[in-house]
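Step one of this worksheet: look at the structure below.
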Amino acid sequence: MSQLLVAHGTRKRDGVAMVGELARQVSKVLGLPVRVAFVDVLGPTPEEVLRSLPVDQPVTVVPAFLASGYHVRVDLPAHVAASGHPDVTVTDPLGACPSAVQVVAARLVECGWQPGDSVILAAAGTSDPYAQSDLRRTAAMLSAVIGERVELAYAATGEPRIHDAVAELRRRGARRVVLASYLLADGLFQDRLRSSGADLVADPLGGHPAMVRLIANRFKRAGVPLAA
């Protein structure tokens with residue numbers, strides 16, 4: 001059996017390195033190798049990796065995405081089909097789920113968030129209605145965890161944009177504005193969060209130990225055995 005972690009991709013070396021380190025940490029938990037592929041910006045693509053794997057062994061693919069958007073519902077299945085591999089299982093993405101929200105909350109605490117701060121869940125953005133629904137549910141779950149209203153804003157596609165949401169909270173008299181990064185790895189979108197004018201910006205989720213456990217559990221639930 002082979003394991004494949006599929007992420008979006010970024011031109012930032014730190015972001016690529018974070019995804020690679022995430023796969024290495026998951027590999028340690030499973031006791032099995034975890035390969036990495038990217039659906040955009042750089043390679044190898046899922047199709048390329050799947051073509052390189054033995055056709056007589058099943059492959060489990062975990063989409064390292066925080067919502068069920070276009071890349072998860074359209075791009076990744078197209079890569080799987082084009083690869084011709086006969087035995088591929090694709091798990092659910094990493095969000096929206098309580099485990100991912102707990103990582104967001106932990107990152108908020110790490111960056112200095114305090115009760116009473118105004119919080120924005122900062123996502124990459126999407127025009128996909130399924131992903132939009134996932135993001136709204138995630139913001140609602142985060143609100144329940146921290147006991148404060150959480151706004152939702154986007155670094156790219158979608159409204160409101162991050163800087164506009166920050167400015168609006170300032171106009172409402174917010175004492176401090178904190179961005180809860182809902183991004184897996186560092187990259188262009190995380191840079192946009194840092195330049196938004198917020199008082200505090202949480203780190204991306206990828207390097208957190210709980211994210212490692214979440215991904216490892218996705219593989220386990222799909223039937224990936226733990227190595228002896």
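The values are calculated or read from the model by the stated rules, or taken from the named source; none is laboratory data. This is a predicted model, so every value here is computed, not measured. Cβ: placed from backbone, ideal geometry, glycine included. Neighbour counts: every protein chain shown. Note: accessible area is taken over every heavy atom of the protein model, side chains too, but ligands, DNA and RNA are not part of it. Shrake-Rupley method; radii C 1.70, N 1.55, O 1.52, S 1.80 Å.
In the chain, helices alone account for a calculated mean residue ellipticity at 222 nm of -13000 deg cm²/dmol, with every DSSP H run of four or more residues adding -39,500 (n - 2.57). Rounded to the nearest 10 degrees, the inclination of helix 13-30 to the longest alpha-carbon principal axis of the chain is 60 degrees. Sequence-distant contacts, meaning Cα pairs under 8 Å at least 6 residues apart, place the relative contact order of segment 100-186 at 43 percent. Residues in segment 120-137 carry Karplus couplings, in order, of 10, 7, 9, 9, 5, x, 6, 9, 7, x, 5, 5, 4, 5, 4, 5, 5, 5 Hz; the curve used is 6.51 cos²θ - 1.76 cosθ + 1.60 with θ = phi - 60°, and Gly or Pro positions show x. Highest average first, the peptides 72-81, 108-117 ordered by how many other beta carbon atoms sit within 10 Å of their residues are 72-81, 108-117.
Charged side chains reduced to their Cβ positions (Lys and Arg at +1, Asp and Glu at -1) give segment 10-70 a dipole of some 220 debye around its Cα centre. Accessible surface calculations at 1.4 Å, restricted to protein heavy atoms, place the chain at 45 Å² per residue.
In this simple spin-label approximation, SER52 and LYS220 carry label points 7 Å from Cα along the Cα→Cβ vector, and these lie 2.8 nm apart. Shown for segment 119-201: the carbon plus sulfur share of the solvent-accessible area, taken with all protein chains present and a 1.4 angstrom probe, equals 49%.
Shown here: Rg and Dmax of the Cα atoms in Å, derived from the displayed model; of the candidates (1) 18.7, 60; (2) 17.1, 51; (3) 17.7, 61, it corresponds to (3). Report note on the peptides 202-211, 33-42, 82-91: ranked by the mean count of other C-beta atoms within 10 Å, highest first, their order is 202-211, 33-42, 82-91.
Among residues other than VAL29 whose Cβ falls under 11 Å from its Cβ, what is the net charge (Lys/Arg +1, Asp/Glu -1)?
Combined, the nearby Lys, Arg, Asp and Glu give +4.
Fully extending the segment from MET1 to SER127 would add 41.9 nm, taking 0.36 nm per residue of separation and subtracting the current Cα-Cα distance. Dipole check for segment 108-168: with +1 at the C-beta of Lys and Arg, -1 at the C-beta of Asp and Glu, and the Cα centre as origin, the magnitude is about 140 Debye. Towards the positive end of the charge dipole of the chain, with charges on Cβ (+1 Lys, Arg; -1 Asp, Glu), say which of ALA140, ALA7, SER83 has the farthest Cα. With unit charges placed on the Cβ atoms, the residue in question is ALA140. In a DSSP loop and with at most 16 other Cβ atoms within 10 Å, the trypsin sites (Lys or Arg not before Pro) in segment 157-197 are ARG172, ARG175, ARG176.
The length gained by stretching the chain between LYS28 and THR157 to full extension, at 0.36 nm per residue less their Cα-Cα distance, is 42.9 nm.
Electrostatic bookkeeping for MET18 treats Lys and Arg as +1 and Asp and Glu as -1; over the other residues with beta carbon under 13 Å from its beta carbon, the sum is -1.
Local charge sum around ASP164 (other residues, Cβ-Cβ under 15 Å, Lys/Arg +1, Asp/Glu -1)?
Residues close to ASP164 contribute a combined charge of +2.
Treating the angle as unsigned and between 0 and 90°, give the value, to the nearest 10°, between the Cα long axis of helix 162-171 and the longest Cα principal axis of the chain. So the helix axis and the longest Cα principal axis differ by about 20 degrees. Dividing the mean sequence gap of close Cα pairs (under 8 Å, 6+ apart) by how many residues segment 1-156 holds gives a relative contact order of 21 percent.
About its Cα centre, the dipole of the chain is roughly 420 debye, where the only charges are +1 on Lys and Arg Cβ and -1 on Asp and Glu Cβ.
Rounded to the nearest 10 degrees, what's the angle between the helix 209-221 long axis and the longest principal axis of the chain, both from Cα atoms, 0 to 90? Between helix and principal axis, roughly 40 degrees.
Only beta bridges with both residues in the chain are counted; by DSSP, about 0 percent of them are antiparallel.
Candidates GLY158, VAL104, SER127 compared by Cα position along the dipole of the chain: farthest toward the positive end lies VAL104, with charges placed on Cβ.
Listed values for segment 174-189 are Karplus-derived 3J(HN,Hα) couplings in whole Hz (6.51 cos²θ - 1.76 cosθ + 1.60, θ = phi - 60°), namely 4, 6, 9, 10, 10, 9, 8, 5, 10, 10, 6, 9, 5, x, 4, 5, and x replaces Gly and Pro.
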